[in-house]
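Visitor: Got a structure for you, questions after.
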Amino acid sequence: MAGVAAFVGVALLAGCTGDRPLREAAASLTPVPTPEASQVRALPVGEVTTAEARRTLCPAPGSAEGGSVPDEGPVPASVREVEQRIADIRGLRFLDPVPVRQLTREEVADATGRELERSAPADYLERKTIVYRTIGVLPEDASLGEALRSFLGGQVAGYYVPETGQLVVVSDGGGGELDALGEATLAHELTHALDDQHFDIGRIASLGARCKDEQAQAMRATVEGSAQHFMTRYVVEHLDLAELGSLALEQQGGSLEDVPPFVVEMQLWSYTAGQGFVTGLAQADGEAAIEDVLRNPPVSTEQVLHPERFPDDAPQQVEVPDLSPALGEGWSDLDVEDVGEAWLATMLGLRLDAADADAAAAGWDGGVARSWGAGQDAVTVLRTVWDTPEDAAAFAGAVRRWLAEAGQAGEVVEEPTGAVSVVFWSPGGAGEERIPTLVASLREWSASARPAATP
């Protein structure tokens, strides 16, 4: 899908539902035989909590670029016309001028690449690459940073930066009249500007800066859903049939063949699921409901996917104990990431039927993936909690099928608390022989742990 309008900071690591392309099964791996629990001595867990590990590992984003878009100067008549139209459709007025610059696609690709580097430093993306390969959502020869750059370079048709209030759209002519795609993209991005001036959508940046992945993704879906909703109204009301046909043709460009499916769907989820969420609210309660949800957005992708659970069904906080002592010397925290319903559904959908994947993730009530690393080797514990024991069992069964589909090493641990943990490790890596001890330590910790409390 070409012509995705980006909301900056760059969206990272969320999930998607709907039709999911299946990737080639991974090379067959031999699961490590786990000895009987009585044969393995559990070790006491370490003292570093999940929250402490997150604070240590979360990268501080740099300052947003300024100066690349002029603060003043002549505004093309075509841009001014779109501004007036979207303000009328949105029912809001611009409180401040919005500097708009039209750049070539190559210039936009360069700018989004710099924004990626600002919001997700190279070290952070390298660590995520190791973790995602270990889990199995990224091929062994793929780099998350390169995949994101490829996606953004070919798909982004414009972006808005809340920190600076600046807006850029693609115009291969470098300025002047807008084509149908440019006009639709500008309507999308100007909606962001209006929403930002009235509802402070830049709050996403503070969530991202604290690596509150799931909450940030839910808010991002709300923000993108609003922009998609009003862009769609603009297209219907102001583009004629010929222009609509042109827009459809332009959106068929931009090959994604070299971008791993998990990355593609993570990036598109906010637009597709977000539009469904926001438009559903507007149809049920009128467009004033969009303003309400921008003020008080959902806190999980579960609430976006199941609007009936918004706003009351808040997720549980989930702890993954410090299991580095079970791995031995040389291992340390590598990554912590919130794992929501949409993330899990996307993961499962890489190998299972989409409907089965969605159903297996639908009882989610909270989740965290915590990883430890030693060089290029990693061990990840993805710990989840569920609405009912039946939901937990359904997820555990789906993950076992998911692992078997690719012959991937991994262990599913159904805990006494009702939580379900999945342990992944680098096959043949330094941590492989320590997995039985790690699992025994996790089981012992879980047996004495109380269920997580709803915040």
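The values are calculated or read from the model by the stated rules, or taken from the named source; none is laboratory data. No experiment lies behind these values; they were computed from the predicted model shown. We place every Cβ from the backbone using ideal geometry, glycine too, and count neighbours over all the protein chains shown. For accessibility, only protein heavy atoms count, side chains too; no ligands or nucleic acids. Shrake-Rupley method; radii C 1.70, N 1.55, O 1.52, S 1.80 Å.
Visitor: Put a dot 7 Å past each Cα toward the Cβ at ARG41 and GLU257; how far apart are the dots in nm?
Guide: 5.6
Visitor: With a 1.4 Å probe and all protein chains kept in place, how much accessible area does MET219 have, in Å² rounded to the nearest 10?
Guide: Its accessible surface works out to 10 Å², give or take rounding.
Visitor: How long, wide and thick is the stretch 95-155, going by the Cα atoms along their three principal axes, in whole angstroms, largest first?
Guide: Reported extents, whole Å, longest axis first: 47, 23, 17.
Visitor: Okay, moving on. When the chain is fully extended, how far beyond the present Cα-Cα distance does ALA209 get from GLU405, taking 0.36 nm per residue of separation?
Guide: Taking ALA209 through GLU405 to full extension adds about 66.9 nm, to one decimal.
Visitor: Is the shape of the stretch 351-423 rounded, prolate or oblate, going by the alpha carbon gyration tensor and its root eigenvalues a ≥ b ≥ c, with a/c under 1.5 for rounded and a/b larger than b/c for prolate?
Guide: Judged from the Cα gyration tensor, the stretch 351-423 comes out oblate (a/c at least 1.5, b/c at or above a/b).
Visitor: Say R0 is 41 Å: what FRET efficiency, to the nearest 0.05, do ALA242 and ALA355 get from their beta-carbon distance?
Guide: That gives a FRET efficiency of 0.60.
Visitor: Using the Karplus curve 6.51 cos²θ - 1.76 cosθ + 1.60 with θ = phi - 60°, what ³J(HN,Hα) values do you get for each residue of the stretch 216-229, in whole Hz, with x for Gly and Pro?
Guide: Calculated HN-Hα couplings, in order: 5, 5, 5, 5, 4, 4, 5, 5, 5, x, 4, 5, 5, 4 Hz.
Visitor: Let me ask another. Using only Cα positions of the stretch 301-379, each an equal point scatterer, no hydration layer, compute I(q)/I(0) via Debye at q = 0.12, 0.18, 0.24, 0.27 Å⁻¹ and quote the log10 values to two decimals.
Guide: After summing over all Cα pairs, the log10 values are -0.46, -0.82, -1.05, -1.17.
Visitor: Something else about it: Restricting attention to the alpha-carbon atoms of the stretch 337-389, what are Rg (one decimal) and Dmax (integer), both in Å?
Guide: When restricted to the Cα atoms of the stretch 337-389, Rg and Dmax are 12.6, 39 Å.
Visitor: Whenever you get a sec, line up TRP364, TRP331 from highest to lowest accessible area (probe 1.4 Å, protein heavy atoms).
Guide: Sorted by accessible area, descending: TRP331, TRP364.
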